[in-house]
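K.L.:
This is the structure I have questions about; it appears just below.
The values are calculated or read from the model by the stated rules, or taken from the named source; none is laboratory data. Just so we're clear, the structure is a prediction, and the values are computed from it rather than from any experiment. Note that each Cβ is placed from the backbone with ideal geometry, even for glycine, and that neighbours are counted across all protein chains shown.
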Amino acid sequence: MDSITARFKVNWPGFALDVDITIPGRGVTALFGHSGSGKTTLLRCIAGLERAQQGFLSVNGEVWQDEQCWVPTHKRPLGYVFQEASLFSHLTVMGNLRYGIKRISDVQQVSLTQAIELLGIGHLLDRKPDRLSGGERQRVGIARALAVSPRILLMDEPLAALDLKRKQEILPYLEQLHDELNIPVLYVSHSPDEVARLADHLVIMDAGQVLANGPLTETLARLDLPIRLGEDVGAVIEAEIGIVDHEWHLARVDFSGGSLWTRDHDLSVGRKVRIRVLARDVSLAQTHPGSSSIQNVLHGRVDAIANDEHPGLALVRVSVGDTVLVARLTKRSAAELCVVVGQNVWLQVKSVALME
């Protein structure tokens, strides 16, 4: 199986990076953590922009750095997308895209035409950067990174400089890259929403170290991590559209262990989707709640309990078949319900977000 192995040690005044990870060599791996956690430093080490005192890097079987080998950045077959697109102002969009194509490796993974189509920028090719919106500039920057036909794509908070409207504009293009390209992506972010929507694999970092490294759905549902997500605590579930109720404009999403109703997004039956259920939208009951305005009801078993950030709150993880959800409740409620690991409970899910 393709994989990327990175071992780096960097010591600076006031900061140290000490990382030893192996991640999938395909799909999107998110490097997630608070500002200053070392995400960008790790990305720069992988790109060769920082030379770690001690380092090893292997990308799908090809060694780029070890004790005997150091492949300089300009010879590493990678694409790098920064927070700002940094386009050449004197060149048109097409001129920017053509810049660097001489670096293309013998095995071309993405053609220039394909990059243009994937990012939807065909109508912008004759424009100069000063005639582009922030979202358009970033899409051109991503297309330029793809145009060098990289074996790995590094993205350092590519949406951080955009407002909410522009972020929502560009996210579908990033999803399309995920769906249509077989290039591994390392995506730096401190936004739980972006991570939940785009990533397959998750690396959580803090103070220059890796706190967790695993599949997105499993890692997000862990309750033992020192890093807290606050209102963003919850579960991400891989599902598919099971039924569309046109009368009530609802869709039922089915997953291993159960199903949930959400708003209809005009998706066809059988379509694979990703849903997110926040802990604040899940409540627990000892018995079936019966008639209620909350119609998403599941039966499960408590498999973990942890303290939340506030001393009066607890997080309860519940297994529903092969799927896990997380509920936030007051410790008083937990005590009154006698919530313990191994207990069978009913869950009421107030809101389901379709990550689409």
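K.L.:
Which members of region 252-287 meet the condition of being of a type in the set (A, V, I, L, M, F, W, C) and free of Cβ contacts under 8 Å to residues at least 40 places away in the same chain?
P.N.:
The one that is of a type in the set (A, V, I, L, M, F, W, C) and free of Cβ contacts under 8 Å to residues at least 40 places away in the same chain: VAL269.
K.L.:
Okay, moving on. Suppose we filter region 38-58 for residues that are within 13 Å of ILE21 (Cβ to Cβ) and not basic (Lys, Arg); how many remain?
P.N.:
9
Conditions tested, residue by residue: (1) assigned by TED's automatic domain parsing to the domain that holds ASP179; (2) touching a helix residue (DSSP H, G or I) at 6+ places or on another chain (Cβ under 6 Å); (3) of a type in the set (Ser, Thr, Tyr).
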| residue | (1), (2), (3) |
| --- | --- |
| GLY48 | yes, yes, no |
| PHE56 | yes, no, no |
| GLY61 | yes, no, no |
| GLU67 | yes, no, no |
| PRO72 | yes, no, no |
| TYR80 | yes, yes, yes |
| GLY95 | yes, no, no |
| LEU112 | yes, yes, no |
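K.L.:
For HIS190, state whether it is at pLDDT below 95 and over 30 Å from ALA314 (Cα atoms).
P.N.:
no
K.L.:
When you look at SER189, is it closer than 17 Å to PRO77 by Cα and either small (Gly, Ala, Ser) or in the same structural domain as ILE275 (by TED's automatic domain parsing) (or both), yes or no?
P.N.:
Considered against the rule, which asks whether it is closer than 17 Å to PRO77 by Cα and either small (Gly, Ala, Ser) or in the same structural domain as ILE275 (by TED's automatic domain parsing) (or both), SER189 comes out as no.
K.L.:
Next question, about the same structure. Being free of Cβ contacts under 8 Å to residues at least 12 places away in the same chain and over 27 Å from GLN168 (Cβ atoms) is the requirement here; does GLY290 meet it?
P.N.:
Yes; evaluated as a whole, the condition is true for this residue.
K.L.:
Quick one: would you say GLN295 is surrounded by 13 or more Cβ atoms within 10 Å (Cβ to Cβ) and either touching a residue at least 24 places away in the same chain (Cβ under 8 Å) or closer than 23 Å to PRO192 by Cα (or both)?
P.N.:
The answer is no for GLN295.
K.L.:
Among the residues of region 235-248, how many are more than 15 Å from ILE204 (Cβ to Cβ) and surrounded by 12 or more Cβ atoms within 10 Å (Cβ to Cβ)?
P.N.:
Number satisfying all stated conditions: 9.
K.L.:
Any residue that is in contact with a His (Cβ under 9 Å, 6 or more places away or on another chain) and in contact (Cβ under 8 Å) with a residue 40 or more places away in the chain - is there at least one of those in region 321-343?
P.N.:
No, the conditions are met nowhere in region 321-343.
K.L.:
Right, VAL253: at pLDDT 95 or above, within 23 Å of LEU198 (Cβ to Cβ) and outside any loop (DSSP other than H, G, I, E, B) or not?
P.N.:
Considered against the rule, which asks whether it is at pLDDT 95 or above, within 23 Å of LEU198 (Cβ to Cβ) and outside any loop (DSSP other than H, G, I, E, B), VAL253 comes out as yes.
K.L.:
For region 319-341, which positions are over 20 Å from GLY230 (Cβ atoms) and surrounded by 14 or more Cβ atoms within 10 Å (Cβ to Cβ)?
P.N.:
Those that are over 20 Å from GLY230 (Cβ atoms) and surrounded by 14 or more Cβ atoms within 10 Å (Cβ to Cβ): SER319, VAL320, THR323, LEU337, VAL339.
K.L.:
Among the residues of region 274-327, write down those that are of a type in the set (Val, Ile, Thr), within 15 Å of VAL339 (Cα to Cα) and in a strand (DSSP E or B).
P.N.:
VAL282, VAL302, ILE305, VAL316, VAL318, VAL326
K.L.:
To continue, here is another question. For region 156-171, which positions are surrounded by fewer than 18 Cβ atoms within 10 Å (Cβ to Cβ) and under 26 Å from THR73 (Cβ atoms)?
P.N.:
Residues satisfying the conditions are ALA160, ALA161.
K.L.:
Restricting to region 24-50, name every residue that is of a type in the set (A, V, I, L, M, F, W, C) and surrounded by fewer than 19 Cβ atoms within 10 Å (Cβ to Cβ).
P.N.:
Correct list: LEU49 only.
K.L.:
Can you name every residue in region 138-155 that is farther than 13 Å from PHE82 by Cβ, among the basic types (Lys, Arg) and buried (at least 24 other Cβ atoms within 10 Å of the Cβ)?
P.N.:
ARG139 - this is the single residue of region 138-155 that is farther than 13 Å from PHE82 by Cβ, among the basic types (Lys, Arg) and buried (at least 24 other Cβ atoms within 10 Å of the Cβ).
K.L.:
Could I ask something else about it? Going through region 342-356 one residue at a time, which ones are within 26 Å of the chain's Cα centre (by Cα), modelled with pLDDT of 90 or more and surrounded by fewer than 18 Cβ atoms within 10 Å (Cβ to Cβ)?
P.N.:
LYS350, SER351
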